[in-house]
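Trainee: Input: one structure, supplied below.
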Amino acid sequence: MGDMSRALLVVDVQNDFVEGGSLGVAGGTEVARRISAHLAAHHGEYAAVVASRDWHHAHDTNGGHFPEPGREPDFRTSWPVHCVAGSTGSDYAPDLDLTHVTHHVRKGQGVPAYSAFEGVTDDGRALAAVLRDLGVDTVELTGIATDHCVRATALDAAREGFSVVLLEGMHAGVAPETTEAALAELDAAGVTRR
């Protein structure tokens, strides 16, 4: 057993974000497999294993996160339709083993949301409060995409006062340049990588 002050966050490992999805990221399926292997070996070391999902409304722009009908996404603030609540695309990727997940977080319900800290658990609680109640002080981070939702979650975790560790080999980015920029930003925010 670990000291149980750590939590593992699995950010948005969903069908629409792995290969073949509407916003598929190269390496996403491999990331899912590596997270599953890590959990199989280390799940007992965590006070919580939290999996987040984008969970967008089907028939609106989700606050501009989806483009207006007939418009193209700009891939900065608006994106192709993805992770619509209850759709196959919003499901966890099949290579992610959910056996050891203790908490599920849904985010982006009608609004743009990148960070898991913007979401709520199934019983409507904010992630930061759940982690604090469990005595967590360190958050280990995995998931998709390094340069978007993983980045935002890491920055929010640091802002919330948690020590943040990004687990190498267990995250995947959309593009090399934005991923490098995100990693530099996380380094500057005190996020460690191992």
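Trainee: Just a yes or no: is a residue in region 154-168 of a type in the set (K, R) and touching a residue at least 12 places away in the same chain (Cβ under 8 Å)?
Mentor: No, every residue in region 154-168 fails to be of a type in the set (K, R) and touching a residue at least 12 places away in the same chain (Cβ under 8 Å).
Trainee: While we're looking at this one, here's another question. Filtering region 1-18 down to residues that are at pLDDT below 95 and of a type in the set (A, V, I, L, M), which residue is surrounded by the most Cβ atoms within 10 Å (Cβ to Cβ)? Explain how you work it out, then say what you get.
Mentor: Of the residues in region 1-18, the ones at pLDDT below 95 are 1-4.
Now narrow it down to the ones that are of a type in the set (A, V, I, L, M): 1, 4.
On the way: M1: 6, M4: 14.
Filtering region 1-18 for residues that are at pLDDT below 95 and of a type in the set (A, V, I, L, M), the one surrounded by the most Cβ atoms within 10 Å (Cβ to Cβ) comes out as M4.
Trainee: Output the residue which, of all residues in region 27-55 that are surrounded by fewer than 24 Cβ atoms within 10 Å (Cβ to Cβ), within 16 Å of the chain's Cα centre (by Cα) and small (G, A, S), is farthest from T146 (Cα to Cα).
Mentor: Filtering region 27-55 for residues that are surrounded by fewer than 24 Cβ atoms within 10 Å (Cβ to Cβ), within 16 Å of the chain's Cα centre (by Cα) and small (G, A, S), the one farthest from T146 (Cα to Cα) comes out as A48.
Trainee: Pick from region 99-122 the residues that are of a type in the set (A, V, I, L, M, F, W, C) and out of contact with any Leu (no Cβ under 7 Å at 6 or more places or on another chain): which of them is farthest from H56 (Cα to Cα)? Can you show your working first?
Mentor: Residues of region 99-122 of a type in the set (A, V, I, L, M, F, W, C): 101, 105, 111, 113, 116-117, 120.
Then drop every residue that is not out of contact with any Leu (no Cβ under 7 Å at 6 or more places or on another chain), which leaves 101, 111, 113, 120.
Values: V101: 21, V111: 8, A113: 9, V120: 13 Å.
Of everything passing the filter in region 99-122, V101 is farthest from H56 (Cα to Cα).
Trainee: Restricting the search to region 1-49, which residues are in a helix (DSSP H, G or I) and of a type in the set (A, V, I, L, M, F, W, C)?
Mentor: F17, V31, A32, I35, A37, L39, A40, A41
Trainee: Looking at G89, G190 in this structure, which one is part of a loop (DSSP other than H, G, I, E, B), touching a residue at least 24 places away in the same chain (Cβ under 8 Å), touching a strand residue (DSSP E or B) at 6+ places or on another chain (Cβ under 8 Å) and of a type in the set (G, A, S)?
Mentor: Exactly one of G89, G190 is part of a loop (DSSP other than H, G, I, E, B), touching a residue at least 24 places away in the same chain (Cβ under 8 Å), touching a strand residue (DSSP E or B) at 6+ places or on another chain (Cβ under 8 Å) and of a type in the set (G, A, S), namely G190.
Trainee: Could I ask something else about it? Using the structure shown, decide if H104 is under 17 Å from the mean Cα position of the chain (by Cα), part of a loop (DSSP other than H, G, I, E, B), touching a residue at least 12 places away in the same chain (Cβ under 8 Å) and surrounded by fewer than 20 Cβ atoms within 10 Å (Cβ to Cβ). Can you show your working first?
Mentor: Working: under 17 Å from the mean Cα position of the chain (by Cα): yes; part of a loop (DSSP other than H, G, I, E, B): no; touching a residue at least 12 places away in the same chain (Cβ under 8 Å): yes; surrounded by fewer than 20 Cβ atoms within 10 Å (Cβ to Cβ): yes.
No, not satisfied.
Trainee: For residues that are small (G, A, S) and either over 14 Å from G161 (Cβ atoms) or assigned to a helix (DSSP H, G or I) (or both), scanning just region 127-141, find the one that is farthest from the chain's Cα centre (by Cα).
Mentor: A129
Trainee: Report whether or not T153 is among the hydroxyl-bearing types (S, T, Y), crowded, with 24+ Cβ neighbours inside 10 Å and outside any strand (DSSP E or B).
Mentor: Numbers: among the hydroxyl-bearing types (S, T, Y): yes; crowded, with 24+ Cβ neighbours inside 10 Å: yes; outside any strand (DSSP E or B): yes.
For T153, the condition - among the hydroxyl-bearing types (S, T, Y), crowded, with 24+ Cβ neighbours inside 10 Å and outside any strand (DSSP E or B) - is met.
Trainee: Among what's in region 156-178 and is farther than 22 Å from G135 by Cα, among the small types (G, A, S) and over 12 Å from the mean Cα position of the chain (by Cα), pick the residue that is surrounded by the most Cβ atoms within 10 Å (Cβ to Cβ).
Mentor: A175
The values are calculated or read from the model by the stated rules, or taken from the named source; none is laboratory data. Since this is a predicted model, take the numbers as computed values, not measurements. So basically every Cβ, Gly included, is an ideal-geometry build from the backbone, and we count neighbours across all protein chains shown.
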